[in-house]
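Data block below; observations after.
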Amino acid sequence: MENVTLRDRVIDIIDQLRPFLQQDGGDIAFVDLTPDNVVKVRLQGACGTCPHAKVTLKSGVEATIKKYIPEIVRVEDDSLGF
């Protein structure tokens, strides 16, 4: 099943990114992979309240995931509520 493999690949990349966020007191958790290939994550700790969280999400997390998995459409922070 392709989505299971894709999901596992996304989780693996997120796990590789976590130490960089943890260095600054933050963290990231995988929430979901939608059927239309949108990754939902939850920024935690310092990342959850940081004014630069959107930049980190888009130019850090999303860019890295899309670099290795071009099928991914975008990455959204599920904790922001939009």
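Any read-out appearing in this document is the output of simple, stated calculations on the displayed coordinates, not a laboratory observation. Because the structure is predicted, anything quoted here is derived from the model rather than measured. Cβ: placed from backbone, ideal geometry, glycine included. Neighbour counts: every protein chain shown.
Using only helices, what value at 222 nm comes out for the chain when you add -39,500 (n - 2.57) per DSSP H run of length 4 or more and divide by the total residues, to the nearest 500 deg cm²/dmol? If you can, show how the numbers build up before the last one.
Details: 3 runs with 31 residues, N = 82.
Roughly -11000 deg cm²/dmol at 222 nm, from the helical runs in the chain.
For the chain, I need the span (max minus min coordinate) of the C-alpha atoms along each principal axis, in Å, sorted largest to smallest.
36, 26, 18
How big is the dipole moment of the stretch 2-80 about its Cα centre under a simple scheme where the beta carbon of each Lys and Arg is +1, that of each Asp and Glu is -1, and everything else is neutral? Debye, nearest 20, please.
Using only the charged Cβ atoms, the result is roughly 220 debye.
Give the relative contact order (percent, whole number) for the stretch 2-80; include only Cα pairs under 8 Å separated by 6+ residues.
On the way: 104 pairs, mean separation 23.7, N = 79.
So the answer I get is 30 percent.
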